[in-house]
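Notes follow the structure.
The values are calculated or read from the model by the stated rules, or taken from the named source; none is laboratory data. Given the structure is predicted, the values throughout are model-derived calculations rather than measurements. Neighbour counts are summed over all protein chains in view; Cβ atoms, including those assigned to glycine, are modelled from backbone coordinates with ideal geometry.
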Amino acid sequence: MAARVGVILFPGSNCELDALEAIGHIGGTAELVWHGDRSVEGCDALVVPGGFAHGDYLRPGAIARFSPVMDAVRNFAAEGGPVVGICNGFQVLTEAGLLPGALQKNAGLKFLCTTITVRVETTTTALTSQATQGDELRIPINHFEGNYTCDANTLAQLRDEDRVVVRYVDNPNGSVDNIAGVCNEGRNVVGLMPHPERACHRLLGSEDGAVLLRSLLASAGTRVG
Amino acid sequence: MLFSVVVETRLRPGIADPQGATIERSLPTLGFTGIRGVRVGKAMRFELEAPDETTALAQATDVTQRFLINPVIEAADVSVSVAESV
């Protein structure tokens, strides 16, 4: 049976349909989960999509962490369920404390809308199990606050524990250590700024994101709870 | 008692402030050549009901640290004063 992926819909999300389409395209089943729901039952994996959840008021992701669904997302993650936050979803997961660090404004004060190259740094995460270490993937970015930062101890820990999932080949936004995505200690929660769901069909200019979403499907159903 | 709270947030030292940098770069065109170190932050004001000023400050600081700022990238000054009766 195809893995069921829940795509969390906040007021202000705008990449949820891209995620649904892409997951369907690679053979998964995806459904929207409203942020006001208190359950993610029936989902084998979760995507927190891009956009401007709650208008990015206060800070990107700051209000989203109070959405009723986030307790269910936290429990799902604690049980080992695969969760990926893309762009604004990455910001939501850092604000919710599910991932370390924060996303600050891009160095250069520019909203970046372009296709960049990221290198897969580790394959033992929910988002990269089907990729090969060193793979270089062409994936679009669309963000203003994508400049990853964290304190020196956290950065050392991320490196020591092999938790930098993808790095920019040519850093577009000033992120520390060229970090484009990181994972949690359990390696089942991953956040990244690039949009793999927008690089899953050759008509979109790149299919390089598909391997990441296929990895998410492969890790679906691995909960131990 | 009712207290007035002002929370002034700013980016921590070392965190890039592109807005501040852009403002600073544009100042010389207006003839302001001696201004340096421009940083852009936010100010939030609210009223808070608490039994005394110590409690008010503790509550305001707690909400600031846990919600109003992201301590990874931001810092804040919290000040509390007795609200003027209307």
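Descriptive notes on the structure:
- Counting only strands (runs of 3 or more DSSP E) that fall entirely inside chain B and contain at least 3 residues that are within 14 Å of chain A (Cβ to nearest Cβ) and of a type in the set (A, V, I, L, M, F, W, C), the qualifying elements are B:42-49.
- Conditions (1) of a type in the set (Lys, Arg); (2) under 16 Å from the mean Cα position of the chain (by Cα); (3) exposed (fewer than 15 other Cβ atoms within 10 Å of the Cβ): number failed by residue B:36: (2)
- When the residues of segment A:152-187 are filtered to those that are closer than 26 Å to residue A:75 by Cα and in contact with a Phe, Trp or Tyr (Cβ under 9 Å, 6 or more places away or on another chain), the one that is surrounded by the fewest Cβ atoms within 10 Å (Cβ to Cβ) is A:182.
- Test: residue A:99 is without any contact (Cβ under 8 Å) to a residue 24 or more places away in the chain, within 30 Å of residue B:21 (Cα to Cα), within 14 Å of chain B (Cβ to nearest Cβ) and part of a loop (DSSP other than H, G, I, E, B): no
- Selection count where residues are over 24 Å from residue A:139 (Cα atoms) and aliphatic (A, V, I, L, M), scope segment A:1-51: 4
- Residue match in segment A:23-45 (condition: surrounded by fewer than 16 Cβ atoms within 10 Å (Cβ to Cβ) and touching a residue at least 40 places away in the same chain (Cβ under 8 Å)): yes
Residue-by-condition table, conditions (1) under 17 Å from the mean Cα position of the chain (by Cα); (2) without any contact (Cβ under 8 Å) to a residue 60 or more places away in the chain; (3) within 14 Å of chain B (Cβ to nearest Cβ):
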site: A:103; (1), (2), (3): yes, no, yes
site: A:112; (1), (2), (3): no, no, yes
site: A:115; (1), (2), (3): yes, no, no
site: A:118; (1), (2), (3): yes, no, no
site: A:128; (1), (2), (3): yes, no, no
site: A:138; (1), (2), (3): yes, no, no
site: A:145; (1), (2), (3): yes, no, yes
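- Positions within segment A:35-78 being assigned to a loop (DSSP other than H, G, I, E, B), out of contact with any Ser or Thr (no Cβ under 9 Å at 6 or more places or on another chain) and among the aromatic types (Phe, Trp, Tyr), in sequence order: A:57
- Subset tally (residues that are part of a helix (DSSP H, G or I) and either on the phi < 0 side of the Ramachandran plot or at pLDDT below 95 (or both)) for segment A:176-225: 17
- Filtered residue count, segment A:80-110, keeping only those that are more than 16 Å from residue A:48 (Cβ to Cβ) and either at pLDDT below 95 or hydroxyl-bearing (Ser, Thr, Tyr) (or both): 7
- Each residue in segment B:39-86 was checked for being buried (at least 17 other Cβ atoms within 10 Å of the Cβ), over 17 Å from residue B:15 (Cβ atoms) and small (Gly, Ala, Ser), and 3 of them qualify.
- Residues satisfying the criterion are present in segment A:84-95 (criterion: away from every other protein chain (no Cβ under 14 Å) and part of a loop (DSSP other than H, G, I, E, B)).
This table checks each residue for (1) hydrophobic (A, V, I, L, M, F, W, C); (2) under 19 Å from residue B:16 (Cβ atoms); (3) more than 13 Å from the chain's Cα centre (by Cα).
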residue: A:141; (1), (2), (3): yes, yes, no
residue: A:149; (1), (2), (3): no, yes, yes
residue: A:154; (1), (2), (3): no, yes, yes
residue: A:202; (1), (2), (3): no, no, yes
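Matching residues to (1) under 16 Å from residue A:60 (Cβ atoms); (2) touching a residue at least 40 places away in the same chain (Cβ under 8 Å):
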residue	(1), (2)
A:95	yes, no
A:108	no, yes
A:124	no, yes
A:149	yes, yes
